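Engineer: The structure follows.
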């Protein structure tokens, strides 16, 4: 016990700390580490997803993204007792491929359209395919346009919400909006810019107006920066909201899966991450671009490397639905201090024979991304 307490005191006496926060589909998690990378404290909070109609999935940027950042930041500071002045930098990763229009004052003009689980822009995918040509689309993306691409989502806003489009000063993602709220600067990391916003950015960071024409103006896109570049510094207002010291450095941050891949050691060709969250995702680092219409490919975060990636829409989300539908009593027990409802589910699994007595699940309850890339696919449970 004394050794544990001594170790904790040694951490608290360190002079430099760093904060990382990740905003996911249903949960936000954060960690405070010392300059040796040792965890001091961690924290989490949950939130929901708006599903106003089939294939539409949204987050309120302020009530979910920024609110969670403030909650987690304050929890980390309160639990660790670290002096905010000793926190040298904060980095944020967040769910990617989402589209948030903001006005000239940085205020959201609508709820954010989420990543590949939101398939409202399929007509715009076809519109852009007709405009650019199928061969050019395959050359640019290595696959057909789909629900994970932001250009069709911007075009959807232009076609369906012209009053919002007319007021839009910037089209942002979750990480770029959060970074703006912390620093006042509009930035996006090069991984997201060259992948999710493809082909609107050139590799040198300039806007490719050949393809942006008819979708958005150059002014409506954020500045492209490296993930680890300093995007700015905590403002007076952000300091009041988060508890972080004015002037604390904020890196550009970026994509949640990319950040998780790096933190898991995906640094060289052949390294691979399999991520199980609300959705399932995998990233395989490669030495070149591989075209496969079933998958995604792009330049990876690590310089001079690439990746092959894939995702399924309902992984943990389906597990959560099972919990909330069939284990509601366990959820209530958990709320009263009882066993975690998911642990109760796992205990019941021991009673199910291998093969689940022939039960089959097609998990396409929010359409599907890879490998079928069908926004209208339907989920089925049958035996």
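The values are calculated or read from the model by the stated rules, or taken from the named source; none is laboratory data. Just so we're clear, the structure is a prediction, and the values are computed from it rather than from any experiment. Quick reminder, even Gly has a Cβ in these numbers, built from the backbone with ideal geometry, and neighbours come from all protein chains shown.
Engineer: If the requirement is being buried (at least 21 other Cβ atoms within 10 Å of the Cβ) and under 16 Å from residue 22 (Cα atoms), which of these qualifies: 172, 76? Show your work before the answer.
Structural biologist: Values: 172 fails: under 16 Å from residue 22 (Cα atoms).
Just a single option satisfies the conditions, and that option is 76.
Engineer: From the list 93, 44, which residue is at pLDDT 95 or above, under 30 Å from residue 312 (Cβ atoms), within 23 Å of the chain's Cα centre (by Cα) and surrounded by fewer than 18 Cβ atoms within 10 Å (Cβ to Cβ)? Show your work before the answer.
Structural biologist: Values: 93 fails: surrounded by fewer than 18 Cβ atoms within 10 Å (Cβ to Cβ).
Unique residue meeting the criteria: 44.
Engineer: Is there a residue being modelled with pLDDT under 90, surrounded by 13 or more Cβ atoms within 10 Å (Cβ to Cβ) and in contact with a helix residue (DSSP H, G or I) (Cβ under 6 Å, 6 or more places away or on another chain) anywhere in the stretch 326-336?
Structural biologist: So far as the stretch 326-336 goes, no, none of its residues is modelled with pLDDT under 90, surrounded by 13 or more Cβ atoms within 10 Å (Cβ to Cβ) and in contact with a helix residue (DSSP H, G or I) (Cβ under 6 Å, 6 or more places away or on another chain).
Engineer: Can you name every residue in the stretch 104-150 that is touching a strand residue (DSSP E or B) at 6+ places or on another chain (Cβ under 6 Å) and over 27 Å from residue 166 (Cβ atoms)?
Structural biologist: Matches in the stretch 104-150: 142 only.
Engineer: Next question, about the same structure. In the stretch 328-377, how many residues are in contact with a strand residue (DSSP E or B) (Cβ under 8 Å, 6 or more places away or on another chain) and either in a loop (DSSP other than H, G, I, E, B) or farther than 30 Å from residue 291 by Cα (or both)?
Structural biologist: At the first step, the residues of the stretch 328-377 found to be in contact with a strand residue (DSSP E or B) (Cβ under 8 Å, 6 or more places away or on another chain) are 359-364, 367-371, 374-377.
In the following step, the residues that additionally are either in a loop (DSSP other than H, G, I, E, B) or farther than 30 Å from residue 291 by Cα (or both) were identified as 359-360, 363-364, 369-371, 375-377.
Qualifying residue count for the region: 10.
Engineer: Additional query: Quick one: is residue 182 within 21 Å of the chain's Cα centre (by Cα), over 30 Å from residue 242 (Cα atoms) and modelled with pLDDT of 95 or more? Break it down stepwise before answering.
Structural biologist: Working: within 21 Å of the chain's Cα centre (by Cα): yes; over 30 Å from residue 242 (Cα atoms): no; modelled with pLDDT of 95 or more: yes.
When the stated conditions are applied, residue 182 does not pass them.
Engineer: Report, by residue number, each residue of the stretch 115-150 that is surrounded by fewer than 24 Cβ atoms within 10 Å (Cβ to Cβ) and within 15 Å of residue 214 (Cα to Cα).
Structural biologist: Within the stretch 115-150, 124, 125, 126, 127, 128, 129, 130, 131, 132 meet the criteria.
Engineer: With the structure loaded, tell me whether residue 53 is out of contact with any strand residue (DSSP E or B) (no Cβ under 9 Å at 6 or more places or on another chain), surrounded by fewer than 19 Cβ atoms within 10 Å (Cβ to Cβ), without any contact (Cβ under 8 Å) to a residue 12 or more places away in the chain and not in a helix (DSSP H, G or I) or whether it fails that test.
Structural biologist: The answer is yes for residue 53.
Engineer: Can you tell me which residue within the stretch 299-314, out of those that are more than 16 Å from the chain's Cα centre (by Cα) and in a strand (DSSP E or B), is nearest to residue 199 (Cα to Cα)? So that I can check it myself, show each step before the final result.
Structural biologist: Initial filter on the stretch 299-314 (more than 16 Å from the chain's Cα centre (by Cα)): 299, 302-308.
Restricting the remaining residues to those that are in a strand (DSSP E or B) gives 299, 306-308.
Values: 299: 13, 306: 16, 307: 17, 308: 18 Å.
Result: 299.
Engineer: Having 3 or more residues that are more than 26 Å from residue 185 (Cβ to Cβ) and touching a helix residue (DSSP H, G or I) at 6+ places or on another chain (Cβ under 8 Å) is the bar; report the helices (runs of 4 or more DSSP H) wholly within the stretch 63-166 that clear it. Reasoning before the result, please.
Structural biologist: Values: elements: 67-80, 122-132, 134-141, 150-160.
The helices (runs of 4 or more DSSP H) meeting that bar are 122-132, 150-160.
Yes/no per residue for (1) within 22 Å of residue 263 (Cα to Cα); (2) at pLDDT 95 or above:
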| position | (1), (2) |
| --- | --- |
| 7 | no, no |
| 18 | yes, yes |
| 30 | yes, yes |
| 111 | no, yes |
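Engineer: Let me ask another. Kindly indicate whether any position in the stretch 287-298 is in a strand (DSSP E or B), at pLDDT 95 or above and either within 22 Å of residue 146 (Cβ to Cβ) or more than 15 Å from the chain's Cα centre (by Cα) (or both).
Structural biologist: No.
Engineer: Would you say residue 82 is within 13 Å of the chain's Cα centre (by Cα) and either buried (at least 21 other Cβ atoms within 10 Å of the Cβ) or touching a residue at least 60 places away in the same chain (Cβ under 8 Å) (or both)? First the steps, then the outcome.
Structural biologist: On the way: within 13 Å of the chain's Cα centre (by Cα): no; either buried (at least 21 other Cβ atoms within 10 Å of the Cβ) or touching a residue at least 60 places away in the same chain (Cβ under 8 Å) (or both): yes.
No, not satisfied.
Engineer: In this structure, does residue 12 turn out to be modelled with pLDDT under 95 and farther than 21 Å from residue 318 by Cβ?
Structural biologist: Details: modelled with pLDDT under 95: yes; farther than 21 Å from residue 318 by Cβ: yes.
For residue 12, the condition - modelled with pLDDT under 95 and farther than 21 Å from residue 318 by Cβ - is met.
Engineer: Scan 283, 251 and give me the residue that is in contact with a helix residue (DSSP H, G or I) (Cβ under 9 Å, 6 or more places away or on another chain), assigned by TED's automatic domain parsing to the domain that holds residue 141 and at pLDDT 90 or above. Walk me through it before giving the result.
Structural biologist: Details: 283 fails: assigned by TED's automatic domain parsing to the domain that holds residue 141.
Only one candidate qualifies: 251.
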